[in-house]
Amino acid sequence: MLVRGQAHTWALARPRHTVCRLGRTRVGDVVFAGSIGRTDLPGGDFPTLIASIRREVLTLPAETRLLSGHGEETTVAWEAQHNPFLIPHYGGELA
């Protein structure tokens, strides 16, 4: 844990990715606005990526801002409701 003034940050290591908790979260190439990271490259694994997103990203407060490695900023709430890889309406993995 890193403590800076009143802010506490937890860094959770992912293979090739890092997720931090601080009101805004750097999600690297795990989640993008309306998409997720690629799993078709060597070492990629769709079930592992989805499980990591469920466990480490979607459990953050809904208002948490997600800063991906590419593209626009998004929030946990928006992704949980609209990301086609994560919602059942589009065949996503969330129940």
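General observations
- LEU60 being modelled with pLDDT of 85 or more, in contact with a helix residue (DSSP H, G or I) (Cβ under 7 Å, 6 or more places away or on another chain) and outside any strand (DSSP E or B): yes
- Inside region 16-57, residues that are outside any loop (DSSP other than H, G, I, E, B), at pLDDT below 85 and among the aliphatic types (A, V, I, L, M) make up a count of 2.
- Candidate set from region 67-95 (those that are modelled with pLDDT of 90 or more and of a type in the set (A, V, I, L, M)); member that is nearest to ARG26 (Cα to Cα): VAL76
The values are calculated or read from the model by the stated rules, or taken from the named source; none is laboratory data. If you're wondering where the values come from, they're calculated on a predicted model, not measured in any experiment. Note that we place each Cβ from the backbone using ideal geometry, even for glycine, and neighbour counts take in every protein chain shown.
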